[in-house]
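All of the numbers you see were taken from the coordinates with simple rules; none came from a lab. The structure displayed is predicted, hence computed values, not measured ones. Cβ sites come from the backbone with ideal geometry, for glycine too, and all protein chains shown count toward neighbours.
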Amino acid sequence: MSAENTTGESGQARKRRLPVAALLPLVVFSALAVLFLVQLLDGGDTSEVPSALIGKPAPEFSLPPVPELERGGDQVAGLSRADLLGHVSVVNVFASWCVPCRQEHPLLERLAGDDRLQVVGINYKDKPENARRFLGSLGNPYALVGADEAGRATIDWGVYGVPETFIVDAGGTIRFKFIGPLSEETYASTFLPELEKVIAAPDRAKTGS
């Protein structure tokens, strides 16, 4: 076989070969998506799809505020990982165009009245004027709101779609993830018991262990 043929075949083989590292995120995402779909079709609780982030530190992120979004006459500040330290936090990913977000909103307002925790929001792929209108009409339960217009921060949080809600302890560790809109039933039977467990474990929350 000539050197030219050998070189040509080697070049074609290299083109056909994709690095495993480049395919790994796609494989992991596809596996989780299939698991989510199977549970949905089987009538299972999609909120119980496992997350690789449970028990892990919340990702590093820093999001700017939604421009001109006010609460009590003051500009609502943006959101970063540092803001999650020292408090038990309920982190809610929402958008004005998300119909289920409207359905769960009264439950978030109820949570905002609990002085043992802070409710904060990540506004996902939204226009500032729409986010302001959404919270202006329904009420603003969020002490802080980070604008994730590009959707990059939510990828780091492993978000499938909106709404999703996380419980983060005072050490900045993610303790629970709820996928989809909270309802009165899931709030009482699933979310609130998990939240109470985190609140009742101050030593673990402080150390993030």
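Laid out as a table, the results:
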quantity: Least to most buried among V99, V88 (fewest other Cβ within 10 Å first); calculated: V99, V88
quantity: Spin-label model distance (nm) - Q103 vs E68, 7 Å beyond Cα toward Cβ; calculated: 3.2
quantity: N130-R116 pseudo-label distance in nm [points 7 Å out on the Cα-to-Cβ vector]; calculated: 3.6
quantity: Residue order, fewest to most surrounding Cβ atoms within 10 angstrom, among E68, E149; calculated: E68, E149
quantity: Nearest-0.05 FRET efficiency for A201 and L138, computed from C-beta distance (R0 25 Å); calculated: 0.20
quantity: Modelled FRET efficiency - R0 35 Å, R152 with S183, Cβ distances, 0.05 increments; calculated: 0.75
